[in-house]
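My questions all concern the structure below.
Every number in this text was worked out from the coordinates using simple rules, so none of it is lab data. None of these values were measured; they are calculated from a predicted model.
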């Protein structure tokens, strides 16, 4: 699967948000990563 630059920027931003949420204790790590993967594998908006 090939991603456009715009898609990669959105994915990277979501990854950064997830990382920050985990590291600041806002969400459990497994839940955060599961949610991220589900969002990225779902239909694009």
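Taking the Cα atoms of the chain, report the difference between the largest and smallest coordinate on each principal axis, in whole Å and largest first.
Its Cα atoms span 32, 17, 16 Å along the three principal axes.
How much length would be gained if the chain were fully extended between residue 40 and residue 27, taking 0.36 nm per residue of separation minus their Cα-Cα distance, in nm to one decimal?
Values: separation 13, 0.36 × 13 = 4.68 nm, distance 1.79 nm.
The span from residue 40 to residue 27 would gain 2.9 nm if fully extended.
So what is the calculated 222 nm ellipticity per residue for the chain, using -39500 (n - 2.57) for each DSSP H run with n of 4 or more, over all residues, to the nearest 500 deg cm²/dmol? Walk me through the numbers before you get to the answer.
Values: 2 runs with 32 residues, N = 45.
Taking each H run of at least 4 residues, the total per residue is -23500 deg cm²/dmol.
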